[in-house]
Amino acid sequence: MTETQPAILVDDLVVRFDDVTAVDGVSFAVEPGEIFGLLGPNGAGKTTTVRVLTTVLRPTAGRARVAGHDTVAEGLHVRAAIGYIPQAISVDAALTGRQSLEFYARVNGVPRRERKARIDGAIETMGLAALVDRLARTLSGGMLRRLEVATALLTRPRVLFLDEPTVGLDPTARRAVWQHLETLRAEEGTTLLVTTHLMDEAERYCERIAIMDLGRLAAQGTPQELRDEFGADNLDDVFAAATGHEIVEGGSFRDVRQQRRLSRRLG
Amino acid sequence: MSASSAGFPAGSAELRLDPLARLGRLVTGTAAMARVELQKLRHDNLDILTRSVQPLLWLFVFGTALQHARSLNGGYGDYRAYIAPGVMAQAALFVAIFYGLAVIWERDLGQLQRLLATPMPRLGIVLGKASGASVRALVQAVVLLAVLAVARIHIHWSVGGVLGSLVLLALGTASFACLSMVLAALVKTRERFMGIGQLVAMPLFFASSALYPLALLPLWLRAVARVNPLTYEVEGMRRMLLSLPVGDALWVDFAVTFAFLAVFAGLAARLYPRAIL
């Protein structure tokens, strides 16, 4: 009956920090069960958009609905329906994978009697059985990301937000992370919103894409639609055609420092 | 719950909005964060050892050196025993004051960003981190108590006294950890925080009764010590561990410590999440 209700609805969203406008009138919708890619260079406003959608940040203007709830008025309902994996590492290096899973089950209020079954289910979905009793600091970058996704599955989120899930990973690990995300979508019907600055990755794995640049939406559609619309062979060219410039590196000192540190730790 | 949310059920977290459910999420979340801290300590025994060195130096070097300064021991026979609660509180204070640093260090950044997007209340995030500091302080305190017992330094051993002083220590440590989070949210860079941390911790330590009776201090410093929560923490522990009638009354010590925790936890819950973004 409500099949048409989008999983995520963003309506003319504006986020301003002091004199900087990070998000400037962005609108898009994500259908249930879709893998949606939010693309753009560092500093395009992707993370800010995700923070509004995960209720952590209040928009300056406009509104957003996630899983049928308003992110401002019904923030608690949104938070109960989503999973969020930020770019920074969210499992503790000094804990085993299983301990991190137990931690996130507890803080998310997973009922005690269901904890074990949910944890076992998440371990299986993410293919972690052989790794889960190792300390997180001994895991590779790809394994860590899969563990983080597993910790986000414990609440059976309707919508999962992943901020640059493959940053700092080598190509093999990237592929493994994406394959598990596709499995998740296929098995659970989870809606995925993924931010990335890697065009080829988005082209291969996302069903629909929104390209952000300088806080605005430059284009959106399926990869095929975008290529046709701009008469381009690949998304890099689409980006250049849609924004009028090549992808340039943005981001503040803090972003860059954080990203390098992350890459080093993910090794 | 509007009709528009039909067909899109919230995750099976069974979200309840009543105050009791909120309190439940607060308590469960805080406890989970404290539990994790204990698990981390178990993987890292070296940390307990290295952190125990400084309090033992205070106790055995400083304490022994000043053993014979009669006026210092506040009427208690053994100066080492007299400063033992002060040394415990001091060790806990330093753990707590540098605890807010973790976020600036980006060690816990991802975890805290994630917790902000869960149904756990913000106060729970702050109290959870603070209780992590308390867990570390308690482990240190238990080590120190064991050393006191082995070294036959005479304190007034009683189950109630030991448990009561550990509770007071945990409350005090949590409140200083909240203060640290407020500072971290305000200064924002690691370099500045190191300076501020020292600037706050040392005066708190010296302008308290940790090492000497307040009566020995000049009037103005005594006035400062009277508004220093560390004084109440130490004097409460002294009452319970040494049966020394110091300060006003035990309930005052608990009340002041608790009030300080309430104020700084509230402030931290407002300010700290901003430091995470």
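Nothing in this text is a laboratory measurement; each read-out follows from the coordinates by a stated rule. Everything numeric here is computed off the predicted structure, so don't read it as measured data. So basically every Cβ, Gly included, is an ideal-geometry build from the backbone, and we count neighbours across all protein chains shown.
See the values below:
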{"read-out": "Kirkwood-based Rg to Rh ratio, segment B:42-176, C-alpha trace", "value": "1.06"}
{"read-out": "Nearest 10 degrees, 0 to 90: helix B:159-187 Cα axis against chain B principal axis", "value": "60 degrees"}
{"read-out": "Within-12-Å neighbourhood charge of B:Leu112 [Cβ basis; K, R +1; D, E -1]", "value": "+2"}
{"read-out": "Local electrostatic count, B:Ala249, Cβ distance below 14 Å [Lys/Arg +1, Asp/Glu -1]", "value": "-1"}
{"read-out": "√(5λ) per eigenvalue of the Cα gyration tensor, segment A:32-110, largest first, Å", "value": "25, 18, 12"}
{"read-out": "Relative exposure of A:Leu9, B:Leu183, judged by other C-beta atoms within 10 Å (fewest first)", "value": "A:Leu9, B:Leu183"}
{"read-out": "Over chain A, relative contact order from alpha-carbon pairs under 8 Å, at least 6 apart, %", "value": "26 percent"}
{"read-out": "Förster-model FRET efficiency, 30 Å R0, B:Trp157 and B:Met202, C-beta, rounded to 0.05", "value": "0.45"}
{"read-out": "On Cα atoms only, tilt of B:19-43 relative to the major axis of chain B in degrees", "value": "60 degrees"}
{"read-out": "Proximal charge balance of B:Leu186 [Cβ under 11 Å; K/R count +1, D/E count -1]", "value": "+3"}
{"read-out": "Extension gain, B:Leu216 back to B:Val150 (0.36 nm per residue minus Cα-Cα distance, nm)", "value": "20.7 nm"}
{"read-out": "Average beta carbon contacts from partner chains per residue of A:46-59, 10 Å cutoff", "value": "2"}
{"read-out": "Kirkwood estimate for segment A:159-251, i.e. one over the average of 1/r between Cα atoms, Å", "value": "14.1 Å"}
{"read-out": "Cα gyration tensor category, rounded, prolate or oblate, for chain A with a/c compared to 1.5", "value": "prolate"}
{"read-out": "Rounded FRET efficiency, nearest 0.05, which uses the C-beta distance separating A:Thr222 from B:Thr50 and R0 of 35 Å", "value": "0.05"}
{"read-out": "Gain on full stretching of the segment that runs from A:Val20 to A:Asn234 - 0.36 nm per residue minus C-alpha separation", "value": "73.9 nm"}
{"read-out": "Label point at B:Ser71 placed 7 Å out along Cα→Cβ; residues across segment B:203-235 whose backbone nitrogen lies under 14 Å", "value": "B:212-219"}
{"read-out": "Relative contact order computed over segment B:17-276 (Cα-Cα under 8 Å; 6+ residues apart), in percent", "value": "27 percent"}
{"read-out": "Of A:Lys46/B:Lys188; A:Lys116/B:Lys188; A:Lys116/B:Lys129, pairs whose Cα-Cα distance is over 29 Å", "value": "A:Lys116/B:Lys188"}
{"read-out": "Kirkwood Rh, angstrom, the protein assembly as shown [1 / mean 1/r, Cα pairs]", "value": "25.2 Å"}
{"read-out": "Evaluated at q = 0.08, 0.10, 0.15 Å⁻¹: base-10 log I(q)/I(0), Debye formula over Cα of segment B:17-276", "value": "-0.31, -0.49, -1.07"}
{"read-out": "Stokes-Einstein D for segment B:117-220, Kirkwood Rh over Cα pairs, 20 °C, 1.002 mPa s (µm²/s)", "value": "131 µm²/s"}
{"read-out": "For A:Ala219, distant residues with modelled amide H under 5 Å away", "value": "A:Ile211"}
{"read-out": "Tilt relative to chain A, helix A:112-125 - C-alpha long axis, 0 to 90 degrees, to 10", "value": "60 degrees"}
{"read-out": "Shielding by other protein chains, A:99-105, mean Cβ within 10 Å", "value": "4"}
{"read-out": "Average beta carbon contacts from partner chains per residue of A:145-152, 10 Å cutoff", "value": "1"}
{"read-out": "In Hz, Karplus ³J(HN,Hα) per residue of segment B:129-137 (6.51, -1.76, 1.60; θ = phi - 60°; x = Gly, Pro)", "value": "5, 4, 5, x, 5, 4, 4, 4, 5"}
